[in-house]
Amino acid sequence: MELNIYQQEAFNYQRKNIERFSRKNLLWVLFFLLWIVIGGYALYLQIAKGHVVTGMRDNVVWGLFIVNFIFFIGLSYAGAIISGLLHLFKVSWGKPIIRLAQMMTIISVIVGPIFILLCVGRFDRLHHLFIYPRLQSPLTWDVLAILTYFVGSVLFLYMALIKDFAVYRDAKMDVPKWKQQLYKTLAIGYRGGASQKRHLIISQNLLAIIMIPLSIIVSSILSWIFGMTLRPGWHSTIFGPYFVLGALYSGCGALIVAMWVYRKMYRLENYFTDKHFINLGYSMMVLAAGYGYFTFSEYFTGWFGSAKWDSEVINKLFSMAEYGWWSLFANVAGILLPIVIVAVPATRKTNWITLAAFVMVIALWVKRYLIIVPTLETPALPMQDTRMEYVKYSATWPEWALTFAGIASFLLFFTLMSKFVTVVPVSGLEDTSHHPQHHSSPDEVKIDKVQLS
Amino acid sequence: MILSKINMKQEEITDNSRRDFIKNAALATVAVTACGSLACSCTSKSVVVSEKVRLLSPDGEIIEIDSAYLNHQDNMAVLSQHEQRVGIAGKKFVMVVDLARCKNARKCITACQKHHYRPEETEWLTVKLMKDSDKAAPYWFPKQCFHCDNPPCVKVCPVDATFKRQDGLVLIDNDRCIGCKFCMAACPYSTRVFNWNEPEMPFDMKNLQYSAENGIPAKVGTVEKCDFCPDLAREGKLPPCVESCPNGVFYFGDENEDTVTNGDETVGFTQLLKERGAYRFLEELGTKPRVYYLPPKDRQFPVERGYDNLPDNLKERFKDIMEADQKKS
């Protein structure tokens, strides 16, 4: 495999990340595994005793698990759209980020549906979805959508990785035998020849063209699980675009946070430069404005009209005695804060932008909760139940434990993945117009010229 | 017997005149009609027969007990999965609830729970205290499943576990239900309940082949709801809620026959709807319920009668509405 000077530099700088498994890495992995084990115990309780260990009851039938499902799948869909767009428009500054976005796509689409499996009452009967499917049901559409999307995103990531695997194979890295063999197998004989290159480029372009509309479609299908019911707050015509934009927005934020973490962990300041943070910050700001517009549209319409049901949900969302504080947090920290931080030049800095992104991601998780739970707590028929757990949903410790286990697995996958491939794609840095030294800004860290092997 | 009578008459046509033929045909018609109405009245009201059955007790003695104490569940095993999904031919079950008569006696709820072996907390049939607006008077509102003709629950089930039958009923196959609860989110009438933990079934019921027609045995992690008791309809009996109501609130019957009965009175279905100004709950949702309500006009009981004799835990449920109403009057 022939590498140009920048690719060589990127590879040499990052190869130790794959070759070495430091103590720090081990500690983080153990930490994540601990959370997963706790979640495993919670899962055992849920299987042994039934879903009564969760906070869900006959009125609020969907709780934390579905919120997590929507949250993670949203991140996944965003990853696909972002990596697809960056690839198709050959955005020069975007090249180091594409891999990160693709990783987020795959990892989220694995973690997200696991929460659905947890929420289903009889997961010993999940095969019924495949042997007795009913095509009229939005849930069946979602199953088909996620499966298709999963295959597409795996292919997309793999296509982008082939060249890198060829580089790792040829570089004779200091890795155990099985890893070397794996690289060799996964590189499927790629040697950089003209026809191979052409095929790879066409496949990648094709997949990118498919993945973008596919993500929009599957994101809309996800929203129609709620939109197709008759419940207030759910049966809204705006739900499809609302969820697409919400996914894109939260995914952009998660990408910024992931970039910042890897930058810190592997000292990638030359690749994830401040310019990247600022550009993604601008994207985040625009998406925030769009998402804010949709949110405002939803709430304002519901509030202005006199329809009893819709008014009840809106009142519940904004009354300080009920969900008012959460709504305030979700909307201010989730929408206004990122806009302000990126708009004001003084705060348009890497660390500030990352902080805004991090808070925004949490705020959007709360927003998903506010979409699902208050509507379920407002049925048309008065509840008239004295059992508090039937009237108001409050998540129990198994649900929280499984939520954190899900987050821990998400982070664990990212950690393990970064031990398998380089975070900044080596072969992707083909464009000579992009190389780290040209994007200098006053507070960028200067790194000495790296030894070329 | 009737058929042979008709045959005999036809043989004599060549000898007798037309007058005789008309006379005999009229007699035959009357006979058929009489037998038919007798058969109809037999199926529309359950005949309580106190049969004594002889059994061998565990101690080795011969005892005689009322057949009413025996579980008549064996006939359920005969129905195949397919038959359960197709439904009873020729029937189109419908229910009319007379809100003018309901006084929250709650005998319907206990009878339903007893028939289906469900605990006190599981209410497939609930009674709510509704107050439509500030100045409107509160009224007791019993609600089962509406077995809608355009059911939002059936629309969203991903595995076809809940289905609409030709006899109008919407049932659930709890051998197929995966417990995703989409139907519960989709039902706007909060009619479905979920088995959050292992349901308590009497030991002899636990290993029966599940029947969608009576929901026995209950299965953990699945959804259930009122089923209009088709198992009893096949035996010519009324659902326990209809029979046990002391005030005749529930009328149950067949739209094809245009007849509903509450165990005591049998009335014409469309006639009842017209005379009493019947309506359906949340008609504007377009779900086309099969349960009609007769407005709470000219009530048999003041609404307080349903509140005064309640146990405390139930009084808690309706306290807010009752106190607001009592304050006004």
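Only the coordinates and a few stated rules stand behind these numbers; no lab work does. Keep in mind the model is a prediction, meaning the values are calculated, not measured. So basically every Cβ, Gly included, is an ideal-geometry build from the backbone, and we count neighbours across all protein chains shown.
General observations
- Which of A:TYR183, A:MET211, A:GLY74, positive extreme of dipole for the protein assembly as shown (C-beta unit charges): A:TYR183
- If only the Cβ of Lys and Arg carry +1 and only the Cβ of Asp and Glu carry -1, the dipole of the protein assembly as shown around its Cα centre is close to 2760 debye.
- Of the cross-linked pairs B:LYS128/B:LYS274; B:LYS103/B:LYS319; A:LYS308/B:LYS274; A:LYS308/B:LYS288; B:LYS91/B:LYS128; B:LYS114/B:LYS206, those separated by over 18 Å at the C-alpha level are B:LYS128/B:LYS274; A:LYS308/B:LYS274; A:LYS308/B:LYS288; B:LYS91/B:LYS128.
- Spin-label model, A:ILE110 to A:LYS419: label points 7 Å out along the Cα-to-beta-carbon direction sit 1.3 nm apart.
- Each principal axis of the Cα cloud of the protein assembly as shown was evaluated for its coordinate range; sorted largest first, these ranges are 120, 67, 65 Å.
- Contact order, relative form, for the stretch A:260-346: 34 percent (alpha carbon pairs under 8 Å, 6 or more residues apart, mean separation divided by residue count).
- Once both labels are positioned 7 Å from their Cα atoms along Cα-to-Cβ, the gap between B:LYS23 and A:TYR293 label points is 9.3 nm.
- Total formal charge among the other residues, if their Cβ is under 9 angstrom from that of B:VAL94, Lys/Arg +1 and Asp/Glu -1: 0
- Sequence-ordered 3J(HN,Hα) estimates for the stretch A:278-290 from the Karplus curve with 6.51, -1.76 and 1.60 and θ = phi - 60° stand at 5, 5, 5, x, 4, 4, 4, 5, 5, 5, 4, 4, x Hz, glycine and proline given as x.
- The 3J(HN,Hα) values that the Karplus relation (6.51, -1.76, 1.60; θ = phi - 60°) gives for the stretch A:41-47 are, in residue order, 5, 4, 5, 4, 4, 5, 6 Hz. Gly and Pro appear as x.
- Trypsin sites (Lys or Arg not before Pro) restricted to the stretch B:248-320 and DSSP loop, no more than 12 other C-beta within 10 Å: B:LYS297
- In terms of distances greater than 24 angstrom between alpha carbons, the cross-link table entries B:LYS131/B:LYS164; A:LYS367/B:LYS143; A:LYS163/A:LYS419 yield B:LYS131/B:LYS164; A:LYS367/B:LYS143.
- Residues whose amide H comes within less than 5 Å of that of B:SER211, counting only those at least five positions distant or on another chain, are B:ILE216 (H built at 1.01 Å from N in the peptide plane).
- Within the protein assembly as shown, DSSP assigns beta bridges of which about 90% are antiparallel (rounded to the nearest 5).
- With a Förster radius of 60 Å applied to the beta-carbon distance between A:TYR282 and A:SER195, the computed FRET efficiency rounds to 0.95.
- For the stretch B:213-320, the relative contact order comes to 11 percent (Cα pairs under 8 Å, sequence separation of at least 6).
- The stretch A:62-123: chymotrypsin sites (Phe, Trp or Tyr not before Pro) in DSSP loop, at most 11 other beta carbons within 10 Å: A:PHE89
- The calculated FRET efficiency for the pair A:PHE404 and B:SER57, based on their C-beta separation and a Förster distance of 51 Å, comes to about 0.30.
- B:TYR292 long-range amide H proximity, modeled H, under 5 Å: B:MET95, B:VAL96, B:VAL97
- Aspartates and glutamates with Cα under 16 Å of B:LYS52, excluding same-chain neighbours fewer than 8 positions away: B:GLU61, B:GLU64, B:ASP66
- GluC sites (Glu not before Pro) restricted to the stretch A:1-92 and DSSP loop, no more than 15 other C-beta within 10 Å: A:GLU2
- Of every Cα-Cα pair in chain A, the percent that sits beyond 36 Å: 31
- Alpha-carbon centroid distance for the pair the stretch B:219-295 / the stretch A:298-337, whole angstrom: 40
- Whole-number percent relative contact order across chain B, with pairs defined as alpha carbons under 8 Å at least 6 apart: 22
- Per-residue shielding of B:173-180, expressed as the average number of other chain Cβ atoms within 10 Å of the residue Cβ, stands at 6.
- Added length on full extension, which subtracts the Cα-Cα distance from 0.36 nm per residue, B:GLU255 to B:ASN309: 15.8 nm
- Average beta carbon contacts from partner chains per residue of B:149-162, 10 Å cutoff: 5
- Which of B:ASN104, A:VAL423, B:SER211, positive extreme of dipole for the protein assembly as shown (C-beta unit charges): A:VAL423
- Extension gain for A:THR237-A:LYS16 works out to 74.4 nm (0.36 nm per residue, less the C-alpha to C-alpha distance).
- Placing dummy labels 7 Å off each Cα toward the beta-carbon, the span from A:HIS127 to B:ALA137 is 6.0 nm.
- Peptides A:192-205, B:81-94 ranked from most to least packed give B:81-94, A:192-205, packing being the mean of other C-beta atoms within 10 angstrom over each peptide's residues.
- Straight-line cross-link reach from A:LYS95 at under 16 Å between alpha-carbon atoms covers these aspartates and glutamates, not counting any fewer than eight positions away in the same chain: A:GLU9, A:ASP164, A:GLU269, A:ASP274, A:GLU430, A:ASP431.
- In order along the stretch B:115-123, phi translates into HN-Hα couplings of 5, 9, 6, 10, x, 4, 6, 8, 10 Hz, rounded to whole numbers, per the Karplus curve 6.51 cos²θ - 1.76 cosθ + 1.60 with θ = phi - 60° and x for Gly and Pro.
- Take each residue in B:182-193, count the other chain C-beta atoms within 10 Å of its C-beta, and the mean is 6.
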